[in-house]
Amino acid sequence: MAFGLKQQLEALGYRVTAVVPSGELAIEKASELKPDLVLMDIHLEGAMDGVEAAERIHACLRIPVIFLTAYAEDETLSRAQVSLPFGYLVKPYEVREVHATIQMALVRRAAEVAVEQSEERLQLALDAADLGVWEWDAATGQVTTAGHIDALFGSAAEPVSETHDAFLARVHPEDRRAIERALREALTQGTPLNLVFRYLRPNGQEGWIEVHAQIHSGTVGAAARLVGVVKDITERKQMEEQIGRAS
């Protein structure tokens, strides 16, 4: 069946780079050949089945997988979802179905690659500017941050998501009221948020943070949120203080 499908796909203009009987070999060949797509059965030779192989291929290589299998039980479908497949065709299938599914999967993967490249450019820009990303959800009060936030959150894993109160607890007590007022004004008046405030580092030392954010209402009916960038300016503030003392 596999070699028959290979001939049908080649007749449609595809290049089939390999046909293998086991999940272990599928992972090996996918890593070696870097194909645009993998067609995967569930029942394979060896200890590893197609679901596990597909999960590893997607996680490690980001190669889309389409399942071609005779199994359609709910348990199998639930397991297959973990690998985030780009299609699931149940045997017997027609080659036209396979062709259409492959085309849709390739278009979807191309769109994903464009998004990934855009996110990579954004991350490189944030790294170059030593910036973090800051978001405040007006409905839940949840604060989410990512990027260069080590000084504020210590060794916590990124991105960090916490309640509004938890975020304020990191702010210097004398600056909390000003932040609350600025958030309310940005939310009610739609004005940009530009803040410089002191924060308390995990080691108890005092630092300075600069935040620039803009209100976004999102889709109709969605809660407003503030999204922007955050930068640790402690070193700059210390330099300014030294210059002031020298003057």
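To the nearest 0.05, how large is the calculated FRET efficiency for Ala70 and Ala114 if R₀ is 35 Å and r is the Cβ-Cβ distance? It would help to have the intermediate numbers written out before the result.
On the way: r = 35 Å, r/R0 = 1.00.
FRET efficiency, Ala70 to Ala114: 0.50.
Just tell me, in residue order, which DSSP H segments of the chain are both 20 angstrom or longer along the helix axis (alpha-carbon based) and at least -1.0 in mean Kyte-Doolittle hydropathy. Working shown, then result.
Values: long enough: 95-129 (51 Å, 0.08).
Correct list, ordered by number: 95-129.
Once you put a point 7 Å from the Cα of Ala224 and another 7 Å from the Cα of Ala11, both along the Cβ direction, what distance in nm separates them?
Placing both labels 7 Å along Cα→Cβ, they lie 6.2 nm apart.
What shape does the stretch 44-85 take by its C-alpha gyration tensor, where a ≥ b ≥ c are the square roots of the eigenvalues and a/c under 1.5 counts as rounded, a/b above b/c as prolate, and the rest as oblate?
Since a/c reaches 1.5 but b/c is at least a/b, the shape of the stretch 44-85 is classed as oblate.
Longest span of the chain, sites excluded, free of GluC sites (Glu not before Pro) in DSSP loop with at most 14 other C-beta atoms within 10 Å?
Here the longest segment lacking exposed loop sites spans 95-247.
What accessible surface, in Å², does a 1.4 Å probe find on Val143, ignoring ligands, DNA and RNA and rounding to the nearest 10?
The value for Val143 is about 0 Å².
At what distance in nm do the modelled label points of Ser22 and Met48 sit from each other, each positioned 7 Å from its Cα along Cα→Cβ?
1.0 nm
How large is ³J(HN,Hα), in whole Hz, for each residue of the stretch 62-69 in order, when computed from phi with the Karplus curve 6.51 cos²θ - 1.76 cosθ + 1.60 and θ = phi - 60°, using x for Gly and Pro?
6, 9, x, 10, 10, 8, 10, 8
What does the C-alpha gyration tensor say about the overall shape of the chain? Classify as rounded when a/c is under 1.5, otherwise prolate if a/b is larger than b/c, or oblate. Don't skip to the answer; put the middle values down first.
Numbers: a/c = 3.09, a/b = 2.61, b/c = 1.18.
Prolate shape, in that a/c is at least 1.5 and a/b is the bigger ratio.
How many percent of the accessible area of the chain is carbon or sulfur, using a 1.4 Å probe? Walk me through the numbers on the way to the answer.
Numbers: 7880 of 14700 Å².
Reported share for carbon and sulfur atoms: 54 percent.
Under the rule a/c < 1.5 gives rounded, and otherwise a/b versus b/c splits prolate from oblate, where does the stretch 20-77 land using the Cα gyration tensor? Walk me through the numbers before you get to the answer.
Working: a/c = 1.96, a/b = 1.50, b/c = 1.30.
Cα axes put the stretch 20-77 in the prolate bin.
Which parts of the stretch 94-138 would a label at Leu84 reach, counting a residue when its backbone N lies under 18 Å from a point 7 Å out along Cα-to-Cβ?
104-123
Which lysines have a Cα less than 30 Å from the Cα of Lys34, not counting those fewer than 8 places away in the same chain?
Lys6, Lys91
Given a cut-off of under 8 Å on Cα pairs at least six residues apart, what relative contact order in percent is computed for the chain?
This gives 12 percent for the chain.
The values are calculated or read from the model by the stated rules, or taken from the named source; none is laboratory data. Nothing here was measured: the structure is a model prediction, and the numbers come from that model. No Cβ is skipped: glycine too gets one built from the backbone with ideal geometry, and neighbour counts run over all protein chains shown. In case anyone asks, the SASA skips ligands and DNA or RNA and just uses the protein heavy atoms, side chains included. Shrake-Rupley method; radii C 1.70, N 1.55, O 1.52, S 1.80 Å.
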